[in-house]
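Any read-out appearing in this document is the output of simple, stated calculations on the displayed coordinates, not a laboratory observation. Computed from a predicted structure; not experimentally measured. Glycine gets a Cβ as well: all are built from the backbone with ideal geometry, and neighbour counts include every protein chain shown.
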Amino acid sequence: MTATVGSDLWTDPDHSPSAVAALAATRATTFIRAQVMALRRALAWAGDRIAVDIVITAHDLSHERWVRVVNHVRTHLGEDAGLQVSAVYQWVGHTAQSLENGAIDLLDADLATRAREVASSHLDAVAEQAVEALWRIAAEFDASPDGV
């Protein structure tokens, strides 16, 4: 594979579809894991309102980026991959909303701790399911001579 100086990895036909798919999966994986890590921290620090507010603010500022990542994945990995990223975005949004509303804090302390653990665990599971799906789909670009 050769690359032209100044070429666009996404549109240059000299780049293999499998390389483009792998890069799209890498970008999405990195973004998803960073977003999930921030929310897991907020769940762990739920008693520290300032820390939670910082994470919520960062989440509020990430919506445009989420949309770009979903669209990028749909373009380069297909609709199924885009739906996987959308599912993570939806659960991240639910978790952030719950933190912002302080809903878990209305529970008994022990129950609130358990609820945060369950939310964190589910957040991880949804994210890792999506990441596995992205890489499975990206690997299919290697399996086909046409990259499809």
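Work out which helices of the chain, taken as complete DSSP H runs, extend at least 27 Å along their axis over the Cα atoms and score a mean Kyte-Doolittle of -0.5 or more, then list them.
Membrane-span-like by this rule: 17-44, 79-101, 109-143.
Once every Cα of the chain carries one equal point scatterer and solvent is ignored, give the base-10 log of I(q)/I(0) from the Debye formula at q = 0.16 Å⁻¹, two decimals.
-0.83
As a footprinting exposure proxy, order 26, 95 by other Cβ within 10 Å, with the fewest listed first.
26, 95
Sorted from fewest to most neighbouring beta carbons within 10 Å, what does the list 45, 91 look like?
Exposure proxy ranking, most exposed first: 45, 91.
Extension gain residue 107-residue 87, at 0.36 nm per residue separation less the Cα-Cα distance, in nm?
4.5 nm
For the chain, what is the calculated [θ] at 222 nm in deg cm²/dmol (nearest 500), taking -39500 (n - 2.57) for each run of four or more DSSP H residues and dividing by its residue count?
Here the helix-only value at 222 nm equals -26500 deg cm²/dmol.
Would you mind calculating the gained length between residue 117 and residue 64 on full extension (0.36 nm times residue separation, minus the Cα-Cα distance), in nm to one decimal?
Residue separation times 0.36 nm, minus the Cα-Cα distance, leaves 16.3 nm.
Can you work out the FRET efficiency for the pair residue 80 and residue 41, with r the C-beta to C-beta distance and R0 = 30 Å, to the nearest 0.05?
0.50
Between the DSSP loop rule and a limit of at most 14 other Cβ atoms within 10 Å, which trypsin sites (Lys or Arg not before Pro) in region 52-148 are left?
Working: sites: 65, 68, 74, 114, 116, 136; in loops: none.
Sites meeting the loop and neighbour criteria: none at all.
Among 93, 18, 103, whose Cα lies farthest out toward the positive end of the dipole of region 17-141, if unit charges sit on the beta carbon of Lys, Arg (+1) and Asp, Glu (-1)?
18
As an exercise, use a Förster radius of 25 Å and the Cβ-Cβ distance of residue 132 and residue 71 to find the FRET efficiency, rounded to the nearest 0.05.
Calculated transfer efficiency: 0.75.
Could you please rank 107, 99, placing first whichever residue has the fewest other Cβ atoms within 10 Å of its Cβ?
Placing the least packed residue first, the sequence is 107, 99.
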